[in-house]
Amino acid sequence: MSSDSIDNLMHEERRFPPPEAFAKTAIATDELYDDARSDRLAFWAKQARELLTWHTDFTQTLDWSGAPVARWFHDGELNVAYNCLDRHVEAGNGDRVAINWEGEPGDTRTITYAELTADVKRAANMLTDLGIGKGDTVAIYLPNVPEAVISMLAVARIGAIHSVVFGGFSAESLRSRIDDASAKLVITADGGWRKGKVSPLKPAVDGALALEKDTAHTVEHVLVVKRGENEVDWVEGRDVWWHDRFEAAAPEHEAQPFNAEHPLFILYTSGTTGKPKGIIHTSGGYLTQATFTHKNVFDLHPETDVYWCTADVGWITGHSYAVYGPLSNGATSVLYEGTPDAPHPARWFELIQKYKVSIFYTAPTAIRSYMKLGRASLDAFDLSSIRLLGSVGEPINPEAWIWYRDVVGGGTAPIVDTWWQTETGAIMISALPGVTTLKPGSAQVPLPGISIDVLDEAGHPVPPGGGGLLVVTEPWPSMLRGIWGDPERFRETYWSKFGTKYFAGDGARKDEDGDIWLLGRVDDVMNVSGHRLSTAEIESALVSHPIVAESAVVGAADEATGQAVVAFVVLRSEKAAGQTKDEASALLRSHVATQIGAIARPKQVFIVDELPKTRSGKIMRRLLQDVVEGRPIGDTMTLADATVMQTIADQLR
Ligand code: WT7
C-alpha cells in the first residue's frame, strides 16, 4: 500500500462506537487498560494465573536478562494439552462440543471436550509407542481434519515439539522443513478434499523423503491418517496407519508438567533470504497470550458462542486461534476442511448458517472474493447468528470493512482488525469490541499489556500523524524465543535495528488520536492472500530451473489477493532455444508451484532481456514494481544502464 492511499485512508471519517447491548455484556472492559498501565508485569502474571492451570506456580514473571531471548513465568510448570482439554472435563464441561468439523464433501464429526480429551490421550500413547518423547520434533502435514488438532495436542501433551507444515506446500518445501527441525516422525494423510477432488499428501511425503540431499533425513516413521481413500505407496517398517496404531494404543494418559519455557512448536515463515525461518514458541507465555487475546478480543462467552476461525491449522492463525486459544478457553469451534467455494461459491455462508456461528474470524482476501460474488448469492443464507467479526493477515480496506459489517455482520457487528505475526504468536494490536470506537481501515490500539510504537529510521518515535517503522518496545508473553538452529539470524533479523525493541518489518502510521494504520512490509517480503512469501525464495526457485539465468520477483498490488507474485526472468538462450515466451512463462509458473507450493505460483512471469541493476549489481525491484503497478517509473539515476527500464516497460506493453 502506498503512503498516498494511507493518507486517504486516514481521512476515513466513519466511526462505530460499540453497540450498547454489546458493551453491556462485553468480557473486556476499560479496566484491563488501567490494570496493565499501572503494572504491566503484574497484569500478565495475573492473566497467566487466572486463565491457565499451573502444575507449579511461577515466582518470576519475566526474565529479560538474556535479551533478546525472554523467559516468561520460567520456573512455572504446566501442561498445554491439559489446559486445552482435561481441565474442562474436570470442570464438568465434558459434554460441550469442542469441534464441529465439516469435511468438504459434507461429512461431519461433532467432537465434545470429553471425546477430544480421550482421543488426545490415546494419540499421546500412540506417539510414545512410536518412540517419540520429550524434545523430539514431529512434522505434521495434514489437511484441516480433527486429526491435525489431535496430533498437535498429543505432541504437546508428551512434551515433544510440533512443526506443522501447511498441506499446500510442495515435497521440496516439506523436506527442507523436516531437515531443518530434524523431525523423527511425519504425520500425514493419504489425501484431503480440496475443490471437489482428493488432493494427495502421502505421495508428497514419499517424494520429500526420497529427495537426494547432502544429509540423510531423520524420519523414522510416517504415520498416515486415512482420509482421501486414494491409493498410496507403502514403505514397510517406515509407514504406519493412524487407525491401526491408534486402536492399539492404551486409552489412559496422565499429562505430565513441563517447564513454562519448554518449546511447544516451531512454525516456518518466510523471511528476506531464501531459507524459511523456524520460529520457536514456548509453552506458558504463548498459551497465556493466546488464551487472553482469544477471550478478550473475540469477546468469547464459551457457554453460548460458536466460534469459527477459517485459517488452516498450518498457519500461525490456525495454531493460536483455531487450536490453542479456543480450546484453552473451552470454546465451541467450527473446523472446515475445504476451500470457501466448494462445492458452491457461498459454502462458508452455508456453514455460518448451519452451525449458527456467532464469532467469525477471516482474512481480507476472502472478504474481497465474496464481495465480488455479489450480495444476491449470499442473501440466501441466514447469518443472523453473527455478533462479532474479525480480520487478520493484511490491512482491510474501508470498502471491504463496511461490506463485511453490512453483509456478514447484519450492519451491527463490531469488527476487530487484528495485527500480529507468526513471530508475535498472538494478537498485538486490535480494538476491544465492547470498548473501542472502531475506525475502518485501522488496526487501532495495542492490547492491554502490549507496548507498541512507530519509530523513524533513527529510532525516534514519530509525532502524531507521522509514519515510520512498527516496533514492539517491551517483551510480551507469546513472543518468539528464537529461530530454530540459528540464534544469529534471530538477532540480526529482529533486534539489530533498534536494540531491545522488536523490529516487526512493517511500516505504520500513527494518526492524530494515536491509532495505528499498517502500511505493509518494508522488506523484500510480499503478502499474498494474508500469507508471507519472500521474493528471495521464489527467485531461487526460478533460477533452479535450467532455462533461467536470472530472476527478480516483486509483489504487485492485486485487488483480490492484496499482493500478487510477479516475476521477471532472463532466460539462458542456449537452454531455452525453441520455446516461445508464453511457453517458457507457463513452464516457470508451474515450476514455482512444484518447488514451493501453489500459493507461490506467480500470477505473471515476464521474460525480459535484462533486469534493472545498480552499478553495484543490486536488482532494483522497486522500479519493476512501478511498471507492474502502472506508475511512472521512479528514479533511474542509480541504474547501471538507464535504458533498461524503458525497454522493459515497452516490452510489457
Ligand atoms: C504479517 C505477518 C498473524 C496472522 C497472519 C499472518 C501482515 C497481519 C495484519 C493486519 C495489516 C497485517 C503484516 C505482518 N498483517 N495482520 N491486521 N493489518 N497487516 O501472519 O504470515 O506471520 O504475516 O502480516 O505485514 O507483518 P504472518
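The values are calculated or read from the model by the stated rules, or taken from the named source; none is laboratory data. Since the structure is predicted, the reported quantities are computational estimates derived from the model, not experimental observations. Note that each Cβ is placed from the backbone with ideal geometry, even for glycine, and that neighbours are counted across all protein chains shown. What goes into the accessible areas is simple: the full protein's heavy atoms, side chains included, and nothing from ligands, DNA or RNA. Shrake-Rupley method; radii C 1.70, N 1.55, O 1.52, S 1.80 Å.
Please go through the stretch 81-106 and pick out each residue that is touching a strand residue (DSSP E or B) at 6+ places or on another chain (Cβ under 9 Å) and charged (D, E, K, R).
Result: D95, R96, E102, E104.
Can S283 be described as at pLDDT 95 or above, within 12 Å of the ligand (Cβ to nearest atom) and under 23 Å from T53 (Cα atoms)?
So S283 does not fit the description; no.
Test D7 against the criterion of being in a helix (DSSP H, G or I), open to solvent by 50 Å² or more (accessible area, probe 1.4 Å) and at pLDDT below 95, and give yes or no.
yes
Give all pairs with beta carbons closer than 8 Å in which a residue from the stretch 416-432 that is near the ligand (Cβ under 6 Å from one of its atoms) meets a residue that is basic (K, R); count only pairs at least 6 apart in sequence or on separate chains.
T422/R532
Look at V120 and say whether it is modelled with pLDDT of 95 or more, over 30 Å from F490 (Cβ atoms) and open to solvent by 10 Å² or more (accessible area, probe 1.4 Å).
So V120 does not fit the description; no.
Could you count how many residues in the stretch 286-297 are touching a Phe, Trp or Tyr at 6+ places or on another chain (Cβ under 8 Å) and either without any contact (Cβ under 8 Å) to a residue 24 or more places away in the chain or within 14 Å of the ligand (Cβ to nearest atom) (or both)?
4
Which of the residues spanning the stretch 254-272 are part of a loop (DSSP other than H, G, I, E, B), away from the ligand (no atom under 14 Å from the Cβ) and not aliphatic (A, V, I, L, M)?
E254, Q256, P257, E261, H262
Need at least 2 residues that are without any contact (Cβ under 8 Å) to a residue 12 or more places away in the chain, open to solvent by less than 30 Å² (accessible area, probe 1.4 Å) and not aliphatic (A, V, I, L, M) per element, so show me which strands (runs of 3 or more DSSP E) inside the stretch 434-535 make the cut, counting only ones lying wholly within it.
Counting at least 2 such residues, we get no strands (runs of 3 or more DSSP E) at all.
How many of the residues in the stretch 597-616 are open to solvent by 10 Å² or more (accessible area, probe 1.4 Å), over 23 Å from S573 (Cα atoms) and modelled with pLDDT of 90 or more?
Of the residues in that region, 4 qualify.
Could you please find all residues in the stretch 382-399 being more than 12 Å from the ligand (Cβ to nearest atom), of a type outside the set (S, T, Y) and out of contact with any Asp or Glu (no Cβ under 6 Å at 6 or more places or on another chain)?
D382, L383, I386, R387, L389, E399
Given the conditions (1) in contact with a strand residue (DSSP E or B) (Cβ under 7 Å, 6 or more places away or on another chain); (2) open to solvent by 10 Å² or more (accessible area, probe 1.4 Å), which single one is not true for G271?
Exception for G271: condition (2).
Restricting to the stretch 577-611, name every residue that is touching a residue at least 60 places away in the same chain (Cβ under 8 Å) and either on the phi > 0 side of the Ramachandran plot or in a loop (DSSP other than H, G, I, E, B) (or both).
Scanning the stretch 577-611 gives I596, G597, P602, L611.
Exactly one condition in (1) hydrophobic (A, V, I, L, M, F, W, C); (2) under 30 Å from the mean Cα position of the chain (by Cα); (3) over 19 Å from A564 (Cα atoms) is not met by M645; state its number.
(2)
From the list D34, D107, D30, D95, pick out the single residue that is within 26 Å of K501 (Cβ to Cβ), open to solvent by 50 Å² or more (accessible area, probe 1.4 Å) and not basic (K, R).
D34
Can you pull out the residues in the stretch 250-268 that are open to solvent by less than 30 Å² (accessible area, probe 1.4 Å) and among the aliphatic types (A, V, I, L, M)?
Listed by number, the residues that qualify are A255, A260, L264, I266, L267.
Please verify whether the stretch 490-502 includes one or more residues that are touching a Gly at 6+ places or on another chain (Cβ under 7 Å) and within 11 Å of the ligand (Cβ to nearest atom).
No, every residue in the stretch 490-502 fails to be touching a Gly at 6+ places or on another chain (Cβ under 7 Å) and within 11 Å of the ligand (Cβ to nearest atom).
Considering each residue of the stretch 538-561, count those that are in contact (Cβ under 8 Å) with a residue 40 or more places away in the chain, open to solvent by 20 Å² or more (accessible area, probe 1.4 Å) and closer than 18 Å to Q604 by Cβ, and give that number.
Of the residues in that region, 8 qualify.
Mind telling me which of the residues V323, V306 ends up being touching a residue at least 60 places away in the same chain (Cβ under 8 Å), open to solvent by less than 10 Å² (accessible area, probe 1.4 Å) and either under 25 Å from I450 (Cβ atoms) or more than 15 Å from the ligand (Cβ to nearest atom) (or both)?
Just a single option satisfies the conditions, and that option is V323.
Yes/no per residue for (1) touching a strand residue (DSSP E or B) at 6+ places or on another chain (Cβ under 9 Å); (2) open to solvent by 10 Å² or more (accessible area, probe 1.4 Å); (3) part of a helix (DSSP H, G or I); (4) modelled with pLDDT under 95:
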| position | (1), (2), (3), (4) |
| --- | --- |
| H162 | yes, no, no, no |
| F166 | yes, yes, no, no |
| I178 | yes, no, yes, no |
| T188 | yes, no, no, no |
| G192 | yes, no, no, no |
| V198 | yes, yes, no, no |
| V205 | yes, no, yes, no |
| A208 | yes, no, yes, no |
| D214 | no, yes, no, yes |
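Can you confirm whether the stretch 623-633 contains a residue that is of a type in the set (S, T, N, Q) and open to solvent by 70 Å² or more (accessible area, probe 1.4 Å)?
No, that holds for no residue.
Please work out if E147 is in contact with a strand residue (DSSP E or B) (Cβ under 6 Å, 6 or more places away or on another chain), over 20 Å from T422 (Cα atoms), open to solvent by 10 Å² or more (accessible area, probe 1.4 Å) and outside any strand (DSSP E or B).
Yes; evaluated as a whole, the condition is true for this residue.
Give the residue that is nearest to T293 (Cα to Cα), with candidates limited to residues of the stretch 384-399 that are free of Cβ contacts under 8 Å to residues at least 60 places away in the same chain and open to solvent by 20 Å² or more (accessible area, probe 1.4 Å).
Filtering first and then ranking leaves S384.
Could you grab me the full set of residues in the stretch 400-412 that are open to solvent by less than 10 Å² (accessible area, probe 1.4 Å) and within 16 Å of the ligand (Cβ to nearest atom)?
Residues satisfying the conditions are A400, W401, Y404.
Name every residue in the stretch 309-363 that is among the acidic types (D, E) and at pLDDT 95 or above, in order of residue number.
Of everything in the stretch 309-363, those that are among the acidic types (D, E) and at pLDDT 95 or above turn out to be D312, E337, E350.
Could you figure out which of (1) in contact with an Asp or Glu (Cβ under 8 Å, 6 or more places away or on another chain); (2) more than 17 Å from L223 (Cβ to Cβ) isn't true of D179?
Among (1) in contact with an Asp or Glu (Cβ under 8 Å, 6 or more places away or on another chain); (2) more than 17 Å from L223 (Cβ to Cβ), the lone unmet condition for D179 is (1).
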